[in-house]
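K.L.:
Quick one: the structure is below, and I'll ask about it shortly.
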């Protein structure tokens, strides 16, 4: 490989590094949004759990009022029964007292069930609080890491782009302009090298077996930088990559 081809390969290595860094940069917003959405979902889950607990707590308090009202009703019947002298009226009062006792027992049973549900809902609230606390730490860590990645990528890109002008020096105009056209394809396709060596008889980019004449031309092509002509630039007939032989 002659000097200008080596420079072209080095230039491509630099450009590929920049492309990869830009790809990492491009992924930062999506990853940040994903971390924020996950934390928002955990926050919403806690709010849902808290609302369910508060609703259940309010429903449970209603039993206290119902039981108190029934107990007062029972006392009223008991007070009246002490003054009753008629057997039928007395039996009717006793029946009302019995019905109050039955209703109180039913309410107390329902209240006990509601309290068990309330305990379970309270446990879920604690779980969601723990999950949210862990989620906040996770989100903060991810966002901090992404901010560091973004800063490092931007600094690395700036440093590499600063080096590029000096790396272009010494590369003939013909192969350089062809390479510059080829690398624009990286904007819409995977960043694969366009300046590649011939491996045996295969293209180092698309791996097709090359015609004998192309392999021969690549082996013979070794002009100085100021002598490069179109015929000296050997390309793959399939992927158009610039070919060279180590």
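K.L.:
Extending each Cα 7 Å along its Cβ direction at residue 36 and residue 60, get the distance between those two points in nm, one decimal.
P.N.:
Once both label points are built, they end up 3.8 nm from each other.
K.L.:
A further question follows. Roughly how many nanometres apart are two label points built 7 Å out from the Cα toward the Cβ at residue 26 and residue 80?
P.N.:
Reported label-point gap for residue 26 and residue 80 is 8.4 nm.
K.L.:
So for the pair residue 229, residue 120, with labels modelled 7 Å out along Cα→Cβ, what separation do we get in nm?
P.N.:
Output for this residue pair reads 8.8 nm.
K.L.:
Pick the calculated volume of the Cα convex hull per residue in Å³ for this structure from (i) 125; (ii) 175; (iii) 192?
P.N.:
Read-out from the structure maps to (ii).
K.L.:
Report relative contact order for the chain in percent, whole number only (criteria: Cα-Cα under 8 Å, sequence separation at least 6). Mind dumping the intermediate values first?
P.N.:
On the way: 211 pairs, mean separation 73.1, N = 246.
Computed over the chain, the figure is 30 percent.
K.L.:
For segment 156-246, what is the relative contact order in percent, using Cα pairs closer than 8 Å and at least 6 residues apart in sequence?
P.N.:
Details: 89 pairs, mean separation 27.3, N = 91.
Answer for segment 156-246 is 30 percent.
K.L.:
Taking square-rooted eigenvalues a ≥ b ≥ c of the alpha carbon gyration tensor, is segment 173-244 rounded, prolate or oblate, where a/c under 1.5 means rounded and, failing that, a/b exceeding b/c means prolate?
P.N.:
oblate
K.L.:
State the extension gain, in nm to one decimal, for the chain segment bounded by residue 192 and residue 43, taking 0.36 nm per residue of separation less the distance between their alpha-carbons. If you can, show how the numbers build up before the last one.
P.N.:
On the way: separation 149, 0.36 × 149 = 53.64 nm, distance 4.28 nm.
Gain on stretching residue 192 to residue 43: 49.4 nm.
Each reported figure results from applying straightforward, stated rules to the coordinates on display, with no laboratory input. Note that the structure is a prediction, hence the values are computed from the model and not measured. Glycine also receives a Cβ, built like all others from the backbone with ideal geometry; neighbour counts cover every protein chain displayed.
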